[in-house]
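K.L.:
Handing you a structure now.
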Amino acid sequence: MATHSVEDIKRQSAGLRGTLESSLADPITGALREDDQILIKYHGSYQQDDRDLREERRVAKLEPAYSFMIRTRTPGGVLTPTQWLKLDGVANDFAERGLRITTRQAVQFHGVIKRELKATMKAINAALIDTLAACGDVNRNVAVAANPQVSAAHATVYAQAAALSEHLLPNTRAYYEIWLDEERVAGGDPAAEPIYGSTYLPRKFKIGFAIPPTNDVDVFAQDLGFVAHLDGDVLTGYTVLVGGGMGSTHGDAETYPRLADPLGFITPEQLIPVATAVVTAQRDLGNRTVRKHARLKYTIDRVGLDAFRTEVEQRSGVTLAPPKPLSFEHNGDRFGWVEGEDGRAHLTLRITAGRVQDGDAGLWQTGLRAVAQALLEAGEGEFRLTPNQNLVIAGLSPAGRASVDALVTTYGLDQFRRAKPLALNALACVALPTCALAMAEAERYLPAFVDRVQALLDRHGVNEADIHLRISGCPNGCSRPFLGEIALVGKAPGRYNLMLGADHRGARLNALYRENVDEAQILAALEPLIAAYAADRRADERFGDFLVRSGVVAPKPGPIPLVLA
Ligand code: SRM
Ligand code: SF4
């Protein structure tokens, strides 16, 4: 869709209302009117159709099998057991394929039909979770380090991130009127949007908070990243990063993945004014003519980092201190049990591609329901979704730990004990059958592809190699594939670009190694590299680093020198 029309739709939407209510009430079609398809994104939902059924329905002269994806706004992916149980109920009552944990710590439901959309939204809100601004040209779900090994400072960072998420919500009451039957104020004027204005942002906007040494949120892939600096248990401030993003278009060199640059250092008190200044600067400076060039990363490349910093300082009244060195060990999750400083135990479970559904790979939905029920009865613990599509059962006493451990074994949720590092850290976006933009499989292909690469690792005696592998069904990059040591980026059914050589800390982009290749060609390309890695790697050298050192690929260096842990 041309940019001007999206801009017009936003401007004329009366605070994101559009004609959504009459579109929803129209019994003739399972779809919404075109403009409303844009507006519903700001309410956290996408109209989709089942691409597996497209051809069959076309031949039968039926309209496509329309349904809706709904995405929660769950900053930091934190959910109480009660909330999990309610979301589990939503999946059973209204959705297909269970629950889906996303790469930004949200839950997605797929396959909700139009006439049940409102009831589904109500059921989600009954869990005290909303979906407002989970999609659309606004600030999206705020990602926060989920890994539980740290301390009181973790809670402080999470609280700040959740407050920022609230602060950046649109003011419009449209969401509450349309989905929750709130009465419209007399006169019906849309609420003022001091942060967004009437056309919201030029494009989606993403914020992430990392707590070193873990970079599980892939902070360099965020429009706006905050890296926490701790002095013992005390949060002293954040290094602010701007201009990260993954999305690109095949064959269009003017679109590209980009790592965020350091803008400066701020104290915790300066967080909200500085974040607001970055958002409003992007609101006013971002490209509103060409949507493909509208993300903050392009704004920064156009105006320059120094000019952008000056803009942020003027708007916020904060003078940014120089950024501090950063130290990350990896951008994955830590699986299994860890104990926090307060003696509470946390268990990180591996969930392949974030899909929580009963199947051959485990009774995931039933099992997690039993775990949530047990936490509820014991009055302790919570769930935390990770930005790597996994799940942490957090905050357990020794007794709670024993009971959760038993449930996890009973329901086959202990994949983290059996799987090799390659499988544990692999990511895949949703792609087919629901994603309208998918060019190739991702989530459904991940297990088979991981098995084949693992077979190569086994054959060359490096079966425990911890290589970060990521698959995306297209170059939009929803599994952050350009930060994978090995990545497949979909080109066409069964064909991918093979990207190699990112680091394992999320601080170096990979580079194209083979274009438009099928599985046999991918495996043939990987085998000699894995053999060389097995023979020639240095102690503790990671696969991506090895490929760069040995000149196989030459990716651009990362944004700043990191102090290595
Ligand atoms: Fe994404 C569009 C799924 C994280 C970059 N993304 C989509 C849509 C909505 C397709 C569409 O526009 O029609 C996908 C829905 C598929 C489906 O059927 O569910 C979709 N994105 C996802 C999720 C569910 C992938 C997953 O497997 O977990 C993630 C939901 C995150 C959330 O909870 O908010 C998801 N998307 C990401 C990320 C990773 C991140 O944010 O850390 C990226 C790369 C970072 C970035 O934004 O640059 C990402 N998604 C995109 C883009 C490319 C944006 C760009 O700048 O060009 C699109 C396409 C677009 O916006 O036009 C897109
Ligand atoms: Fe869809 Fe492409 Fe995102 Fe995968 S990367 S979910 S195929 S938009």
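K.L.:
Rounded to a whole number of µm²/s, how large is the Stokes-Einstein D of the chain at 4 °C and 1.567 mPa s, given Rh as the Kirkwood radius over C-alpha pairs?
P.N.:
It diffuses with D of about 54 µm²/s by this estimate.
K.L.:
Restricting to Cα atoms and excluding each atom paired with itself, what does the Kirkwood estimate give for region 49-184 in Å?
P.N.:
That comes to 16.5 Å for region 49-184.
K.L.:
Now a separate question. So, by mean Cβ neighbours within 10 angstrom, what's the order for 16-25, 218-227 with the highest one leading?
P.N.:
Averaged packing, sorted descending, gives the order 218-227, 16-25.
K.L.:
What net charge is computed for the residues neighbouring residue 425, neighbours being all others with C-beta under 11 Å from the C-beta of residue 425, Lys and Arg scored +1, Asp and Glu -1?
P.N.:
Counting the neighbours of residue 425, the net charge comes to 0.
K.L.:
Right, something else. With every protein chain in place, what's the accessible area of residue 204 (1.4 Å probe, Å², nearest 10)?
P.N.:
50 Å²
K.L.:
What shape does region 53-117 take by its C-alpha gyration tensor, where a ≥ b ≥ c are the square roots of the eigenvalues and a/c under 1.5 counts as rounded, a/b above b/c as prolate, and the rest as oblate?
P.N.:
Verdict is prolate for region 53-117.
K.L.:
Continuing with the same structure: Can you compute the radius of gyration and Dmax for region 286-395, using only the Cα atoms, both in Å?
P.N.:
21.7, 57
K.L.:
Could I ask something else about it? Report, for region 412-565, the % of DSSP beta bridges that are antiparallel, rounded to 5.
P.N.:
In region 412-565, DSSP labels about 60 percent of beta bridges as antiparallel.
K.L.:
Right, next: With θ set to phi - 60°, apply the Karplus curve 6.51 cos²θ - 1.76 cosθ + 1.60 along region 379-389 and write out the HN-Hα couplings as whole Hz, x wherever there is a Gly or Pro.
P.N.:
Using θ = phi - 60°, the values come out as x, 8, x, 8, 9, 10, 7, 9, x, 9, 6 Hz.
K.L.:
Whose amide H sits under 5 Å from the amide H of residue 468, counting only residues 5 or more places off or on another chain, with H placed in the peptide plane?
P.N.:
Those lying under 5 Å, H to H, from residue 468 are 485, 486.
K.L.:
Which ³J(HN,Hα) values in Hz, rounded to whole numbers, follow from the phi angles of region 502-512 under the Karplus curve 6.51 cos²θ - 1.76 cosθ + 1.60, where θ = phi - 60° and Gly and Pro get x?
P.N.:
For region 502-512, the Karplus-derived couplings read 5, 8, 9, 10, x, 10, 9, 6, 7, 9, 5 Hz, x marking Gly and Pro.
K.L.:
Same structure again: Which value, in Å² and to the nearest 10, is the accessible area of residue 439 when all protein chains are kept and the probe is 1.4 Å?
P.N.:
Ignoring ligands and nucleic acids, residue 439 comes out at about 70 Å².
K.L.:
Quick check: with the 1.4 Å probe, what order do 239, 249 take by accessible area, largest first?
P.N.:
Largest to smallest exposure gives the sequence 249, 239.
K.L.:
Additional query: Mind pulling the per residue volume of the convex hull built on the Cα atoms of region 200-254? Å³ is fine.
P.N.:
Taking the convex hull of the Cα positions in region 200-254, it is 105 Å³ per residue.
K.L.:
Next up: Could you compute the net charge surrounding residue 555? Neighbours are other residues with a C-beta less than 13 Å from the C-beta of residue 555; K and R count +1, D and E count -1.
P.N.:
+1
K.L.:
Provide the per residue accessible area, probe 1.4 Å, for region 412-565, rounded to a whole number of square angstrom.
P.N.:
For region 412-565, the solvent-accessible area averages 39 Å² per residue.
K.L.:
Considering only protein heavy atoms and a 1.4 Å probe, what is the carbon-and-sulfur percentage of the accessible area of the chain?
P.N.:
Roughly 52 percent, rounded to a whole number.
K.L.:
Filter the DSSP H helices in the chain by two things, a Kyte-Doolittle mean of at least 0.0 and an axial alpha-carbon span of 15 angstrom or more, and list the hits by number.
P.N.:
152-167, 271-285, 364-378, 398-410, 446-459, 519-536
K.L.:
Which pairs break 29 Å Cα to Cα here: 324/491; 292/556; 206/556; 114/491; 61/204?
P.N.:
Long pairs (Cα-Cα over 29 Å): 324/491; 114/491; 61/204.
K.L.:
In square angstrom, rounded to the nearest 10, how much accessible surface does residue 292 have for a 1.4 Å probe?
P.N.:
Looks like 100 Å² after rounding.
K.L.:
Still on this structure: Would you mind getting the accessible area per residue of region 283-337, heavy atoms of the protein chains only, 1.4 Å probe, in Å²?
P.N.:
Ligands and nucleic acids excluded, the figure is 48 Å² per residue.
K.L.:
Sorted by accessible area with a 1.4 angstrom probe, largest first, how do 33, 58 fall?
P.N.:
Solvent-accessible surface, decreasing: 58, 33.
K.L.:
Amide H to amide H, which residues 5 or more places from residue 230 or on other chains are under 5 Å from it, using H placed in the peptide plane?
P.N.:
Amide H neighbours of residue 230, under 5 Å, 5+ apart: 236.
K.L.:
When the Cα atoms of region 123-270 are enclosed in a convex hull and the volume is divided per residue, what value in Å³ results?
P.N.:
159 Å³
K.L.:
Oh, and also: In Å², and per residue, what accessible area does region 1-127 have when probed at 1.4 Å with the other protein chains present?
P.N.:
41 Å²
K.L.:
In deg cm²/dmol and to the nearest 500, what is the mean residue ellipticity at 222 nm of the chain if only DSSP H runs of at least 4 residues count, each as -39500 (n - 2.57), divided by the residue total?
P.N.:
-9500 deg cm²/dmol
K.L.:
Each residue of region 18-27 in order: what ³J(HN,Hα) in whole Hz does its phi give by Karplus 6.51 cos²θ - 1.76 cosθ + 1.60, θ = phi - 60°, with x for Gly and Pro?
P.N.:
x, 10, 4, 5, 6, 4, 5, 7, 6, x
K.L.:
Pull up the DSSP beta bridges for the chain and report the antiparallel fraction as a percent, rounded to 5.
P.N.:
So the antiparallel bridges in the chain amount to around 80 percent.
The values are calculated or read from the model by the stated rules, or taken from the named source; none is laboratory data. This is a predicted model, so every value here is computed, not measured. Please note: Cβ atoms are built from the backbone with ideal geometry, for glycine as well, and neighbour counts cover all protein chains shown. Heads up: the accessible areas ignore ligands, DNA and RNA and are worked out on the full protein's heavy atoms, side chains in. Shrake-Rupley method; radii C 1.70, N 1.55, O 1.52, S 1.80 Å.
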